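Beneath this line is the structure, given in structure tokens, with notes to follow.
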Amino acid sequence: MRPSVSLGVLGGGAWGTALAQAYAANGTPVRLWAREPEVVAAINAERRNPLFLPGAELSPGIAATTDLAELDDLPVLLVVAPAQHLGKVLSGLTDRPRDLVLCSKGIEAGTGRLMADVAREALPLAEIAVLSGPTFAHEVAAGLPTAVTLACSGGEAQWARLGALLSRPTLRPYYSDDVVGAEIGGAVKNVLAIACGVVDGLGLGQNARAALIARGYAEMTRFGLAFGARAETLAGLCGLGDLVLTCSSTSSRNFTLGKALGEGIGAAEALAGKLSVAEGAHTAPVLAELAEQRGIAMPIVAAVARLLAGEAPARQVVAELLARPLRAEGETA
Ligand SMILES: NC(=O)c1ccc[n+]([C@@H]2O[C@H](COP(=O)([O-])OP(=O)(O)OC[C@H]3O[C@@H](n4cnc5c(N)ncnc54)[C@H](O)[C@@H]3O)[C@@H](O)[C@H]2O)c1
Ligand SMILES: O=P(O)(O)OC[C@H](O)CO
């Protein structure tokens, strides 16, 4: 039998809503904090989130609130705020021992920190886990089969608390203790998805996209290993798995942003007025900077950062990538 203690979800965007639905629909009461009063009202009164997850019918087991204090006593919180706002959201909670399951994918601009470091500073008593993988929100909300990495900083003891709690017949976590690897996989793939969207927008074909996925994965691996990730983590659901998903579909906001850039729309225009977040746009500059500081070759990431900064049009950026000196495929630096 599932425990009757509620799960808390911080964030009423598409992913927070989908996770809340996955757990509430399968018998766990969920308290969901959303920033927007209209999201809270729509979830509680109509069982919908038209702003961020239109089309999904939500379980009555989700109780939404704009008051973060209503989640403060819960032992397990899924944190689903966009990466650039995660620290601010967590600072509204009391520091106490609890499991914080980070579900956001990104690197903090300005500090270069991964989300686990942001969370540890905000709430030092919490034990951190990272839930990440190929997970389009609308598919999870619809109960379609999905598998994720659940990386536990507390190792197997934390997995023993969270594994069964966060598993459902169609939502299957795989255990890891590589929190850094899980985070880097999710953050880097968003930037690479923008690159794949650019290739699509320019009409450069499927060969080019496959090349970008493979060479992008080489960049993810170089960066990850330099920052302490394990190669096997990056080859798993939260790395390669998510990279393949996000680089292959206009269901991805990052891919769609890249496609617009490839079609000649400027970054500012492509992002203007968007309620939903394309994390790669925020991660690309800070990731490119971190890579440059550490001497890690990430030409695709650097190209995306240049494109987003408006430094060169898409065709020129692609031409520059193709004109780089020839090198060995397995080169690690
Ligand atoms: N949507 C997906 O399929 C999916 C899947 C896996 C992971 N993620 C990750 O989950 C995170 C959240 O994405 P999403 O898709 O749920 O969001 P979304 O794009 O659907 O919605 C944007 C979210 O940003 C929040 N927001 C905007 N300004 C804010 C502020 N100043 N402070 C706090 N929150 C603010 C909004 O309240 C809303 O919840 C991202 O890191 C994303 O990469 C998303
Ligand atoms: O829509 P995107 O590009 O933010 O991707 C959503 C998820 O991260 C896919 O796993």
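The values are calculated or read from the model by the stated rules, or taken from the named source; none is laboratory data. All values derive from a computational prediction rather than experimental measurement. Cβ atoms come from the backbone with ideal geometry, glycine included; neighbour counts cover every protein chain shown.
What are the pairs with Cβ atoms under 6 angstrom where one residue, in the range 311-323, is assigned by the TED database to the domain that holds Leu261 and the other, located anywhere, is polar (S, T, N, Q)? Sequence gap at least six, or different chains.
none
Filter the range 72-85 for residues that are under 23 Å from Arg161 (Cβ atoms) and buried (at least 23 other Cβ atoms within 10 Å of the Cβ) and give the result.
Passing the criteria: Leu77, Leu78, Val79, Val80, Ala81.
What are the residue pairs meeting all of these: first residue in the range 128-140, first residue in the same structural domain as Ala164 (by the TED database) and under 16 Å from Ala83 (Cβ atoms), second residue assigned to a loop (DSSP other than H, G, I, E, B) and within 9 Å of ligand 2 (Cβ to nearest atom), Cβ atoms under 8 Å, and 6 or more apart or on different chains?
Close Cβ pairs (under 8 Å, with a partner that is assigned to a loop (DSSP other than H, G, I, E, B) and within 9 Å of ligand 2 (Cβ to nearest atom)) amount to Ser132/Lys105.
Which count do you get for residues in the range 12-33 that are more than 16 Å from ligand 1 (Cβ to nearest atom) and buried (at least 24 other Cβ atoms within 10 Å of the Cβ)?
Counting residues in the range 12-33 that are more than 16 Å from ligand 1 (Cβ to nearest atom) and buried (at least 24 other Cβ atoms within 10 Å of the Cβ) gives 0.
Which is surrounded by fewer than 23 Cβ atoms within 10 Å (Cβ to Cβ) and part of a loop (DSSP other than H, G, I, E, B), of Ala63, Ala56, Ala69?
Ala56
Just checking, how many residues over the range 264-312 are β-branched (Val, Ile, Thr) and in a helix (DSSP H, G or I)?
Within the range 264-312, residues that are β-branched (Val, Ile, Thr) and in a helix (DSSP H, G or I) number 5.
For Arg48, only one of the following conditions fails: (1) touching a residue at least 24 places away in the same chain (Cβ under 8 Å); (2) surrounded by 14 or more Cβ atoms within 10 Å (Cβ to Cβ); (3) of a type outside the set (A, V, I, L, M, F, W, C); (4) within 22 Å of Phe136 (Cα to Cα). What is its number?
In the conditions (1) touching a residue at least 24 places away in the same chain (Cβ under 8 Å); (2) surrounded by 14 or more Cβ atoms within 10 Å (Cβ to Cβ); (3) of a type outside the set (A, V, I, L, M, F, W, C); (4) within 22 Å of Phe136 (Cα to Cα), Arg48 misses (1) alone.
Looking at Ala226, Ala231, which one is in the same structural domain as Ala319 (by the TED database), surrounded by fewer than 22 Cβ atoms within 10 Å (Cβ to Cβ) and without any contact (Cβ under 8 Å) to a residue 12 or more places away in the chain?
Within the list Ala226, Ala231, the selection yields Ala231.
Hey, can you tell me all the residues within the range 263-318 that are of a type in the set (A, V, I, L, M, F, W, C), farther than 24 Å from Pro82 by Cβ and at pLDDT 95 or above?
Answer for the range 263-318, where residues must be of a type in the set (A, V, I, L, M, F, W, C), farther than 24 Å from Pro82 by Cβ and at pLDDT 95 or above: Ile296, Ala297, Ala314, Val317, Val318.
So that you can scan it fast, the table gives a plain yes or no per residue for (1) within 16 Å of ligand 2 (Cβ to nearest atom); (2) β-branched (Val, Ile, Thr); (3) not assigned by the TED database to the domain that holds Glu121:
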| position | (1), (2), (3) |
| --- | --- |
| Arg35 | no, no, no |
| Arg48 | no, no, no |
| Phe52 | yes, no, no |
| Val76 | no, yes, no |
| Val79 | yes, yes, no |
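How do the pairs read when you match residues in the range 239-260 that are among the β-branched types (Val, Ile, Thr) and at pLDDT 95 or above with residues anywhere that are assigned to a loop (DSSP other than H, G, I, E, B) and more than 8 Å from ligand 2 (Cβ to nearest atom), using Cβ under 7 Å and keeping only pairs 6 or more apart or on different chains?
Pairs found: Thr256/Thr250.
Here are some conditions: (1) in a loop (DSSP other than H, G, I, E, B); (2) in contact with a Cys (Cβ under 7 Å, 6 or more places away or on another chain). Leu192 meets all but one. Which one does it not meet?
The failed condition is (1).
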